[in-house]
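Written below as structure tokens is the structure these notes are about.
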Amino acid sequence: MECIIKKYLSTRLGLAYKVNDKLLTGFTYNYINSKPLIKEVDKTTLTNPSNSVLDSLITTLGSNEYDKTLNSLNYHLIYDIDTIGRKLSLDFDYFNYKHETNRVFNTQSFFPNNQPIPNSLEEARNFGNQDIQNYSVNLDMEHPTDWATYNYGARLSFTETDNLFNYFDIIDEDEILNPNFSNQFDYQENTQALYFSAKKSFLEKWDAKIGFRYEFTQTDGVSQTLNQNNANDYSKLFPTAYLSYTPNDNHSFSVNYGKRISRPNFNFLNPFRFVYNPYSYSEGNPFLQPAFTDNIEFEYAFKDNLITNIYYSFTDDDY
């Protein structure tokens with residue numbers, strides 16, 4: 001059973017300025033802060049597997065305080081090169097996410113008659129602080145020609161995550177740091193990408209698009225407490241293709257293929273054990289690799305009101 005109390009604040013600020021007929025610049029800033037409070041009561045019944053007779057009861061009372069703050073800033077420049085539609089865009093992005101967790105719990109075991117089992121009370125506090133920072137820059141070119149419309153560019157992304165988790169045993173109302181369940185984990189991920197696509201309409205009723213993105217990624221996870229380091233480098237090509245046929249205003253057919261990447265959440269990579277109660281914990285795996293998915297889809301649309309999709313998806317190295 002849970003009781004959730006939420007406090008939430010968000011704001012958004014943006015500004016665009018047209019320097020001249022060819023140059024536009026501006027920025028967008030977002031701020032989000034939430035402070036949910038979750039109180040929980042968890043009851044577990046243990047029975048003897050040989051005769052299904054009630055053996056004992058376990059009750060955990062927990063209080064979870066969260067403080068989540070997100071800051072994101074985008075600054076962009078858009079340059080219209082000429083009148084045929086060639087356009088150069090430059091984006092700088094900064095992202096910062098801070099997540100502070102404070103969990104206090106106590107667990108008590110009881111006999112079947114609801115009498116407390118002596119010396120079975122355990123109290124503890126988990127404190128976690130996660131700080132994620134990301135810097136990225138993207139250079140994009142829109143390049144229409146008489147034969148096709150091209151889009152190409154490059155992107156650089158740098159991510160750094162600091163995770164601090166402390167576990168305190170509470171004995172006679174005194175908090176004692178337990179180093180066996182405390183950990184500091186730092187994670188870095190850098191990605192460089194190049195991409196290109198070409199789109200063309202032909203025979204009046206056909207549209208086609210083909211493209212690719214090539215990514216280089218370097219990751220490094222360091223557990224200061226466990227003295228454990230896990231580094232990984234990989235590169236991958238992500239092709240895409242699209243073909244559509246529109247015989248008239250009532251019907252349209254399309255088929256597309258794409259390959260994409262799904263990276264593990266930063267929390268999944270942290271080898272630290274986050275203890276919920278003396279009998280339950282979660283633990284990340286620093287050896288997790290990203291998953292890659294190939295997807296092919298056929299779509300039929302009737303008057304844009306009835307859409308039918310048939311697709312096949314295959315995921316390799318799922319986690």
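Bear in mind these aren't lab numbers, they're just calculated from the coordinates by the rules spelled out. For clarity, every value in this text was computed on a predicted model and none was experimentally measured. Quick reminder, even Gly has a Cβ in these numbers, built from the backbone with ideal geometry, and neighbours come from all protein chains shown.
Annotations
- Listing TYR167, TYR281, TYR150 from fewest to most neighbouring C-beta atoms within 10 Å gives TYR281, TYR150, TYR167.
- Listed residue (ILE117, PHE196, LEU46) projecting farthest to the positive dipole end of region 2-316, Cβ model: PHE196
- With at most 13 other Cβ atoms within 10 Å, longest stretch of the chain clear of loop GluC sites (Glu not before Pro) (DSSP): 1-172
- GNM on the chain, alpha-carbon springs under 10 angstrom: the most fluctuating residue among ASN227, ASN20, ASN102 is ASN20.
- Neighbour counting of Cβ atoms within 10 Å sorts the residues PHE127, PHE268, PHE287, fewest neighbours leading, into PHE287, PHE268, PHE127.
- Taking the chain and dividing mean pair separation by its residue count, relative contact order in percent (alpha carbons under 8 Å, at least six apart): 10 percent
- The spacing between region 1-79 and region 138-172, judged by their C-alpha centroids, is 20 Å.
- Considering only alpha-carbon pairs that sit under 8 angstrom and 6 or more positions apart, the relative contact order computed for region 1-117 is 25 percent.
- The fewest-to-most ranking of MET141, MET1 by surrounding Cβ atoms within 10 Å reads MET1, MET141.
- Point-charge dipole on Cβ atoms (K/R +1, D/E -1) for region 2-316, about Cα centre, debye to 20: 1000 debye
- Residues considered: SER262, SER34, SER280. Largest GNM mean-square fluctuation over the chain, using C-alpha springs under 10 Å, is found at SER280.
- Of THR101, THR240, THR83, the residue with the greatest mean-square motion in the GNM of the chain, using alpha carbon springs below 10 Å, is THR83.
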